[in-house]
Amino acid sequence: MNPLRTQSSAADTNKQMLLIWWIVWVAILGGLIVIYLFLGRGPVKPVAEKDVLKHLVGLVPLFVSIVIRWLVLPRFDSLQRAFPIYVVGLALAEACGILGIFLGGPFRDDLFVLGVLGVTQFVPIFARQLTKPKGQGFIPNN
């Protein structure tokens with residue numbers, strides 16, 4: 001078996017996986033923007049002060065997606081193993097925007113922007129680091 005060919009096919013697989021990551025990211029971001037443009041426009045009804053937490057429910061999935069992006073994803077060592085977690089994090093960030101559009105009330109636009117920023121944090125630029133070998137030791141991510 002030729003070791004150069006094995007390295008080449010692994011590099012090709014990583015390039016293909018990165019392309020898939022980019023396609024999924026663009027589709028999620030584009031879908032969120034399209035939903036907002038077609039369904040998120042219109043007058044905003046005022047809300048009573050006791051219902052404010054109900055309208056801010058979109059912040060919960062956004063917080064979970066931030067934890068996934070910055071604490072969970074860097075611990076993976078391959079694109080294939082990290083991809084399902086990547087999709088879950090993207091979906092949770094998108095959920096902030098969608099919940100904001102439909103349940104946000106007066107915070108609709110704010111939650112949509114936070115959802116877009118949440119999806120933007122998942123730009124697959126960081127995914128190239130997952131293709132590099134990780135160091136071993138007491139703190140393996142350094």
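The values are calculated or read from the model by the stated rules, or taken from the named source; none is laboratory data. Computed from a predicted model, the values in this text were never measured in an experiment. Here Cβ is always computed from backbone atoms with ideal geometry, including for glycine, and neighbour counts include all displayed protein chains.
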- Query: Any residue in segment 6-22 that is under 24 Å from Val123 (Cα atoms) and assigned to a loop (DSSP other than H, G, I, E, B)?
  - Reply: no
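Being over 14 Å from the mean Cα position of the chain (by Cα) and either at pLDDT 95 or above or not small (Gly, Ala, Ser) (or both) is the filter here, so list the residues in segment 93-111 that pass it. First the steps, then the outcome.
Filtering segment 93-111 for residues over 14 Å from the mean Cα position of the chain (by Cα) gives 99-111.
Those that are over 14 Å from the mean Cα position of the chain (by Cα) and either at pLDDT 95 or above or not small (Gly, Ala, Ser) (or both): Leu99, Ile101, Phe102, Leu103, Pro106, Phe107, Arg108, Asp109, Asp110, Leu111.
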- Item | From Gly40, Gly58, Gly31, residue being closer than 30 Å to Asp109 by Cβ and touching a Lys or Arg at 6+ places or on another chain (Cβ under 8 Å) | Gly40
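Within the group Tyr36, Tyr86, which residue is at pLDDT 85 or above and more than 15 Å from the chain's Cα centre (by Cα)?
Exactly one residue qualifies, and that residue is Tyr36.
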- Here are Leu53, Leu39, Leu59, Leu71: which of them is of a type in the set (A, V, I, L, M, F, W, C) and surrounded by 14 or more Cβ atoms within 10 Å (Cβ to Cβ)? Leu59
- Message: Any residue in segment 113-133 that is farther than 25 Å from Leu56 by Cα sitting within a Cβ distance under 7 Å of a residue that is in a helix (DSSP H, G or I) and not hydrophobic (A, V, I, L, M, F, W, C)? List the pairs, counting only those 6 or more apart or interchain.
- Response: Thr131/Asn14
- Query: What are the residues in segment 99-132 that are closer than 14 Å to Val26 by Cα, in contact with a helix residue (DSSP H, G or I) (Cβ under 6 Å, 6 or more places away or on another chain) and not in a helix (DSSP H, G or I), if any?
  - Reply: Gln121, Phe122
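Regarding segment 44-64, can at least one residue be identified that is in contact (Cβ under 8 Å) with a residue 60 or more places away in the chain, in a helix (DSSP H, G or I) and either among the charged types (D, E, K, R) or touching a strand residue (DSSP E or B) at 6+ places or on another chain (Cβ under 9 Å) (or both)?
Of segment 44-64, the ones in contact (Cβ under 8 Å) with a residue 60 or more places away in the chain are 44-46.
Imposing the further condition that a residue be in a helix (DSSP H, G or I) reduces the set to none.
Within segment 44-64, none of the residues are in contact (Cβ under 8 Å) with a residue 60 or more places away in the chain, in a helix (DSSP H, G or I) and either among the charged types (D, E, K, R) or touching a strand residue (DSSP E or B) at 6+ places or on another chain (Cβ under 9 Å) (or both).
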